[in-house]
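The values are calculated or read from the model by the stated rules, or taken from the named source; none is laboratory data. Bear in mind the structure is a predicted one, so any value in this text is a computation, not a measurement. Please note: Cβ atoms are built from the backbone with ideal geometry, for glycine as well, and neighbour counts cover all protein chains shown.
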Amino acid sequence: MNTHRLKHARQLLLALTAALWLAGCASTPVPVAEMAVAEAAVKAASTSSTSENAPAELQRASSKLATARQALLNKDNEQARILAEQAQVDAQVAELQAQSVRSRKAAQESQDAARVLAEELQRKTVR
Amino acid sequence: MKNRLLILAVVAAGLAACSTVPDRNSALEQARSRVNAASADTQLTLLAPEELKRASESLRVADQAWRAGDSTRQVEHLAYLAQQRLTIAQHTASSRASQAITAGAAAERDGMRLTQRGQEADLAKQQLAAAEAAAQRDKASGVAQAERRDARVSELEMQLKALNAKKTERGMVLTLGDVLFDSGQARLLAEGSRNMLKLADFFRRNPRSAASIEGHTDSVGGAEANLALSGQRAQAVMAALVGLGVPADHLNIKALGEAMPVADNGTPAGRQINRRVEIVFAPQADEVSQR
């Protein structure tokens with residue numbers, strides 16, 4: 001008997017949701033700052049050392065940036081912002097991973113050098 | 001009644017987004033547990049405290065967004081940022097630990113080198129002392145050694161004198177006279193050959209001996225021709241000696257032509273004396289005697 005009212009309620013809810021959703025879309029500003037920061041971060045991370053020591057991480061950063069640019073073109077500002085923020089932090093991860101690898105190698109070399117020197121000195125004193 | 005319940009259900013579903021008790025977000029939970037675990041990591045808290053703090057802050061922001069009922073996408077995004085900042089903290093701590101190791105190893109090497117230099121200085125002192133002691137001993141035995149050397153030299157001289165060699169400032173000189181050669185030729189006569197035998201025997205008995213074979217002529221004939229002739233005679237002597245087993249590298253040839261007369265070229269006798277081959281025995285290497 002009250003199916004009519006039910007139908008109305010459902011339609012109202014749907015309309016309200018749609019309106020809110022549309023409003024959400026329109027109210028997201030173009031992520032200008034986030035994009036600029038992301039571009040700079042990915043550029044800075046794109047060194048030979050980083051691509052050598054953290055290739056996957058660097059790749060992740062640059063492809064997210066590329067997707068962000070695409071989202072911008074598609075007027076999906078929310079997606080673009082999210083991807084840009086992630087691209088920036090991904091670039092930082094890549095840089096620091098590369099640095100960690102380099103530091104570890106340097107530490108290993110310095111320990112090897114110290115050991116070699118110790119052995120040399122041993123030989124000299126034994127003689 | 002049923003319709004009212006249905007409406008309520010729909011409204012409730014519609015209001016779900018604004019609920020005060022949000023559904024658990026697995027991405028947030030993952031981030032939360034990772035950051036909590038990291039706080040217990042002493043190396044991390046010690047070496048990258050600022051970076052760890054930043055990660056914790058990011059987690060708090062994610063958590064707030066979740067409580068406020070932000071979209072799942074936003075909450076997951078913020079949780080992702082928190083996780084990445086934690087990874088940054090971990091890499092930073094690792095780099096700093098490695099740098100400390102490098103610095104430590106460098107300091108260790110410096111320390112070892114200092115110790116080594118100290119040891120080298122001690123060693124050098126020891127070696128110097130040992131060398132000085134050895135020098136003292138040598139001095140004592142040196143006198144005995146010199147006496148033995150002199151005895152040996154005298155014996156050599158005696159042997160050479162037996163060959164009619166004469167002692168000069170150049171060394172012992174054996175002179176092979178003109179009569180031992182065919183006139184104007186470089187061929188050794190029998191008499192000359194006998195001398196060669198004696199000489200070869202001398203070299204055999206004194207294997208370290210070395211000699212210079214020097215050819216001379218008188219002043220008759222051209223200087224160039226004489227130079228050539230003197231060279232040929234010296235070569236003949238050398239060939240004879242080598243043929244008798246004297247090592248060639250102990251012998252040296254000099255063609256001196258008419259340049260060094262020992263007698264007056266004005267008389268026939270004098271000229272004959274000048275036509276000669278001299279075999280000069282240089283003092284041996286181990287002889288320290290001043291000649």
- Inspect all residues belonging to the stretch A:65-79 and state whether any of them is under 30 Å from B:Ala93 (Cα atoms) and among the basic types (Lys, Arg). no
- Message: Just to be sure before I move on: is B:Ala82 modelled with pLDDT under 95 and either over 20 Å from A:Ala38 (Cα atoms) or within 10 Å of chain A (Cβ to nearest Cβ) (or both) in the structure I sent?
- Response: no
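For (1) under 26 Å from B:Ser39 (Cα atoms); (2) in contact with an Asp or Glu (Cβ under 8 Å, 6 or more places away or on another chain), each residue gets a yes or a no:
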| site | (1), (2) |
| --- | --- |
| B:Val61 | yes, no |
| B:Gln74 | yes, no |
| B:His77 | yes, yes |
| B:Tyr80 | yes, no |
| B:Lys125 | no, no |
| B:Leu128 | no, no |
- Close pairs (6 angstrom Cβ cut-off, 6 or more residues apart or separate chains): more than 12 Å from B:Gln90 (Cα to Cα) in the stretch A:92-104, in a helix (DSSP H, G or I) and of a type in the set (Asp, Glu) anywhere: A:Ala94/A:Glu57
- Query: Of everything in the stretch B:58-79 that's part of a helix (DSSP H, G or I) and free of Cβ contacts under 8 Å to residues at least 12 places away in the same chain, which residue is nearest to the other protein chains (Cβ to nearest Cβ)?
  - Reply: B:His77
- Message: Looking at the stretch A:90-110 only, could you name the residues that are out of contact with any Ser or Thr (no Cβ under 6 Å at 6 or more places or on another chain), surrounded by fewer than 22 Cβ atoms within 10 Å (Cβ to Cβ) and hydrophobic (A, V, I, L, M, F, W, C)?
- Response: A:Val101
- Query: Quick one: in the stretch A:111-127, which of the residues that are of a type in the set (Lys, Arg) and either surrounded by 24 or more Cβ atoms within 10 Å (Cβ to Cβ) or more than 22 Å from B:Ile101 (Cβ to Cβ) (or both) is nearest to the chain's Cα centre (by Cα)?
  - Reply: A:Arg123
- Item | Of the criteria (1) under 28 Å from B:His91 (Cβ atoms); (2) within 12 Å of chain B (Cβ to nearest Cβ), which one A:Thr28 fails | (1)
- Of the residues in the stretch B:52-75, those that are crowded, with 21+ Cβ neighbours inside 10 Å and not aliphatic (A, V, I, L, M) come to B:Ser58, B:Trp66
- Being of a type in the set (Ser, Thr, Tyr), at pLDDT 95 or above and either surrounded by 12 or more Cβ atoms within 10 Å (Cβ to Cβ) or in contact with a Phe, Trp or Tyr (Cβ under 9 Å, 6 or more places away or on another chain) (or both) narrows A:Thr17, A:Thr47 down to just A:Thr47
- Message: Show the residue pairs meeting these rules: Cβ distance below 9 Å; 6+ apart or different chains; first residue within the stretch A:10-38 and among the charged types (D, E, K, R); second residue modelled with pLDDT under 65.
- Response: A:Arg10/B:Val10
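Yes or no, residue by residue, for (1) over 28 Å from B:Ala97 (Cβ atoms); (2) of a type outside the set (Ser, Thr, Tyr); (3) facing chain B (nearest Cβ under 9 Å); (4) within 8 Å of the chain's Cα centre (by Cα):
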position	(1), (2), (3), (4)
A:Ala61	no, yes, no, yes
A:Ala71	yes, yes, no, no
A:Gln79	yes, yes, yes, no
A:Glu85	yes, yes, yes, yes
A:Asp90	no, yes, yes, yes
A:Ala94	no, yes, no, no
A:Gln99	no, yes, yes, no
- Task: Identify all residues within the stretch A:61-78 that are in a helix (DSSP H, G or I) and polar (S, T, N, Q); write none if there are none.
- Result: A:Ser62, A:Ser63, A:Thr67, A:Gln70, A:Asn77
- Note on the structure: Of those in the stretch B:97-123 that are surrounded by fewer than 16 Cβ atoms within 10 Å (Cβ to Cβ) and either of a type in the set (Lys, Arg) or not in a helix (DSSP H, G or I) (or both), the residue nearest to the other protein chains (Cβ to nearest Cβ) is B:Arg113
